[in-house]
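S.K.: Below are the structure tokens for one structure; questions will follow.
Read-outs: derived from the displayed coordinates by stated rules, not from any lab. These numbers were taken from a predicted model, which means no experiment stands behind them. As a convention, Cβ positions derive from the backbone with ideal geometry for all residues, glycine included, and neighbour counts pool all protein chains shown.
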Amino acid sequence: YMGDGLMILFPGEVESGIRSAISILEGVKAFNKNLITQGKESIRVGIGINYGEVAFGIIGSEYRKSGNVISDTVNLASRMEGLTKYYGSTVIISEYIYKKIKNESSYPIRYLDRVRAKGKTKPVRIYELITEEEKDKLEAIEDFKRGIYYYLAGKFDKSLKIFEDLNNLYKNDKAVEIYRQRIEEILKNGTEENWDGTFDHLSK
């Protein structure tokens with residue numbers, strides 16, 4: 001337990017983490033139904049999943065000991081969990097997870113962004129696992145991909161048109177609004193030299 005969050009380790013295949021996230025969301029859905037019947041507000045969760053090496057050990061003194069896991073892998077997973085609020089996502093996975101998925105068609109996934117998290121120097125591609133409640137994102141997934149393609153290719157006018165159209169159709173897709181605003185800013189002020197599509201997140 002980490003405050004109001006959980007850190008879970010999966011020593012097996014990477015897809016066990018994805019299946020666990022889906023199972024957690026099914027539990028949250030049932031829990032929210034119960035809350036709503038009681039006239040209470042539903043809750044949301046954000047999940048970040050990463051793959052890599054970790055260091056596990058027992059930390060403390062003879063009076064108090066606890067197991068702990070530390071590594072950049074853990075830190076990045078934590079950063080991605082925080083980014084779920086920014087992008088309006090429920091589950092974000094890293095490129096290291098994405099590359100290990102044996103059958104991509106088994107899960108509804110869309111490319112989300114290329115980011116440099118606070119405190120990191122190396123950018124990482126992140127992807128969004130679309131949940132069954134997010135049907136709008138599934139309907140728009142091909143157009144979203146085209147918008148991203150033009151954005152990364154530096155064809156900002158074409159990309160903006162796609163994201164404007166998507167924004168008119170899908171008001172609740174926060175990532176669409178983020179790209180629309182980001183591209184408008186680029187068209188107004190230009191890009192930095194050697195721009196590669198990386199977005200720097202300055203807060204955790």
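S.K.: For the range 7-160, with only Lys/Arg (+1) and Asp/Glu (-1) charged at the beta-carbon, what is the dipole magnitude about the Cα centre, in debye rounded to 20?
M.R.: Charge dipole, the range 7-160, about its Cα centre: 420 debye, nearest 20.
S.K.: If you don't mind, there's one more thing I want to ask. What's log10 of I(q)/I(0) for the range 83-139 at q = 0.20, 0.21, 0.31 Å⁻¹, Debye sum over Cα points only, no solvent?
M.R.: So the normalised log intensities are -0.77, -0.83, -1.38.
S.K.: Let me ask another. Can you grab the distance from the C-alpha centre of the range 125-145 to the C-alpha centre of the range 63-90, Å, no decimals?
M.R.: Between the Cα centre of the range 125-145 and that of the range 63-90, the gap is 23 Å.
S.K.: Using a 10 Å cut-off around each Cβ, can you sort Asp165, Asp200, Asp173 from fewest to most neighbouring Cβ atoms?
M.R.: Asp200, Asp165, Asp173
S.K.: For a test of the definition: using alpha carbon positions, the gyration tensor, and the 1.5 limit on a/c, classify the range 1-133 as rounded, prolate or oblate.
M.R.: On the way: a/c = 1.69, a/b = 1.14, b/c = 1.48.
It is oblate, given that a/c is not under 1.5 and a/b is not larger than b/c.
S.K.: Which order results if Ile178, Ile126 are arranged by neighbouring Cβ count within 10 Å, fewest first?
M.R.: Ile178, Ile126
S.K.: Just to be sure I follow: if Rg is taken over the C-alpha atoms of the range 135-195 and Rh is the Kirkwood radius over the same atoms, what is Rg/Rh?
M.R.: Reported Rg/Rh, Kirkwood definition of Rh: 0.98.
S.K.: Check the range 135-195 and count each lysine pair with an alpha-carbon distance under 17 angstrom, considering only pairs eight or more places apart or from different chains.
M.R.: Eligible lysine pairs with Cα atoms under 17 Å apart amount to 15.
S.K.: Follow-up. About the Cα centre of the range 148-204, what is the dipole size in debye to 20, counting +1 per Lys and Arg Cβ and -1 per Asp and Glu Cβ, all else neutral?
M.R.: 200
S.K.: Just want the answer: with Cβ charges of +1 for Lys and Arg and -1 for Asp and Glu, which residue in Ile101, Gly119, Tyr170 is farthest toward the dipole's positive end in the chain?
M.R.: Gly119
S.K.: May I pose another question? Given an 8 Å cut-off on Cα distances and at least 6 residues of separation, report the relative contact order of the range 31-144 as a percent. Before the final figure, lay out the partial values.
M.R.: On the way: 160 pairs, mean separation 24.3, N = 114.
Contact order relative to length: 21 percent.
S.K.: With the dipole of the chain worked out from charges on the C-beta (+1 for Lys and Arg, -1 for Asp and Glu) around the Cα centre, which of Tyr87, Ile49, Gly197 lies farthest toward the positive end?
M.R.: Ile49
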